[in-house]
Amino acid sequence: MVSIESWMDGLAGKLKKQFGPRLLFLGLQGSYGRGEANEDSDIDVVTVLDWVTLVDLDAYRAVVSAMPEGDKACGFLCGAEELKRWPKFDLLSLVQDTRAVHGSLDGLIPAMGRGDLAQAAAVGASGIYHAAVHTYLYAAREDCPGFLKEAHKGAFFTLRALYELRTGKSVRAKRDLLPLLDGDEGEILAYGLSPTGEPLEDVFARLLRWSSAAMAEAAEWRG
């Protein structure tokens, strides 16, 4: 598995050489950032430049491709002005999930409040609900397990937002959040960590029940 600290340090050095002071921020998010990575995990890199052109993207791609196991790299890159204008609800997971390697997000991201957190929960839950209905209706049954695995992994971000709305506490990792949840919420997160052999119909039913309830709660928090 990638030695992520060394890998990120190496990437930071190469990007500083390539972009100099134009590199405003470099961070790590995703499973490596949360300490949940395995051999198959992507390396989710967050990069902010002062601005971004196609020439910059080509240069960035060349740097990342030259890194050991650079094919595992993915993530988020944008310019500073675009980041300031980004929809706030979509920035929440970026802020909560990203560990700084170079620079700081302070001053690059606008202030966010509970309304943005509630909107993030609403968007996440509604997306899962829509995808679950569409998949159950139209997908081949052999494709459903893969969808359910990814949908439950994505549910973590909505579960985390709802927990923070209720308690005011932010939880970074899935395994830290799991013991704090019960009922459908606990089962949803547990399935995302380790899918069970339950009948697909039962898993879909729980996912729809939970995402519907999550949308309702998010709507209450939004007022």
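Structural remarks
- Binned Cα-Cα distances of segment 126-174, short to long, each 5 Å bin given as a whole percent: 4, 19, 24, 17, 14, 10, 7, 3, 0
- Its Kirkwood hydrodynamic radius, worked out from the mean inverse distance over all distinct Cα pairs, puts segment 170-223 at 12.3 Å.
- When shorter helices are ignored and each DSSP H run of at least 4 residues is given -39500 (n - 2.57), the per-residue value for the chain at 222 nm works out to -19500 deg cm²/dmol.
- Fraction of accessible area attributable to carbon and sulfur, the chain (%, probe 1.4 Å): 54 percent
- One decimal place: the segment Lys84-Ala62 gains 5.3 nm when fully extended, by the rule 0.36 nm per residue minus the C-alpha distance.
- Using only side-chain charges placed at the Cβ, +1 for Lys and Arg and -1 for Asp and Glu, the dipole size of segment 1-154 relative to its Cα centre rounds to 360 debye.
- For segment 1-60, the average shadow cast by the Cα convex hull is 4.3 nm², which is a quarter of the hull's surface.
- Positive-end residue of Met1, His130, Ala111, charge dipole of the chain with Cβ unit charges: Ala111
- Ranked by the mean number of other Cβ atoms within 10 Å per residue, highest first, peptides 135-143, 158-166 order as 158-166, 135-143.
- The listed residues Ile43, Ile4 rank as Ile4, Ile43 when sorted by accessible area, largest first, using a 1.4 Å probe.
- Counting only alpha carbon atoms, the long axis of helix 54-65 and the longest principal axis of the chain meet at about 80°.
- C-alpha long axis of helix 144-167 to longest principal axis of the chain, angle in °: 80 degrees
- Both numbers refer to the Cα atoms of the chain; Rg and Dmax are 18.7, 54 Å.
- Each distinct pair of alpha carbons in segment 54-166 adds a 1/r term; the inverse of their mean, the Kirkwood radius, is 16.8 Å.
- Calculated on the Cα set of segment 110-223, radius of gyration then Dmax: 14.0, 44 Å.
- Take the chain with all the other protein chains still there, run a 1.4 Å probe, and you get 50 Å² of accessible area per residue.
- For the pair Glu39 and Val133, the difference between a 0.36 nm per residue extended length and the Cα-Cα distance amounts to 30.7 nm.
- Rounded to 10°, Cα long-axis angle of helix 200-222 versus longest principal axis of the chain: 70 degrees
- Estimated FRET transfer efficiency when R0 is 30 angstrom, pair Asp71-Ala173 (beta carbons, to 0.05): 0.75
- Estimated dipole of segment 131-186 in Debye, rounded to 20 [Cβ of Lys and Arg +1, of Asp and Glu -1, Cα centre]: 260 debye
- Placing unit charges on the Cβ atoms of the charged side chains and taking the dipole of the chain about its Cα centre, the candidate lying farthest along the positive direction among His152, Asn38, Trp51 is Trp51.
- Neighbourhood charge, 14 Å Cβ-Cβ cut-off, centred on Ala80 and excluding it, Lys, Arg +1 and Asp, Glu -1: -2
- Given R0 = 41 Å, the distance between the Cβ atoms of Gln18 and Glu220 translates into a calculated FRET efficiency of 0.30.
The values are calculated or read from the model by the stated rules, or taken from the named source; none is laboratory data. Computed from a predicted model, the values in this text were never measured in an experiment. Quick reminder, even Gly has a Cβ in these numbers, built from the backbone with ideal geometry, and neighbours come from all protein chains shown. Ligands, DNA and RNA are excluded from the accessible area calculation, which covers all protein heavy atoms including side chains. Shrake-Rupley method; radii C 1.70, N 1.55, O 1.52, S 1.80 Å.
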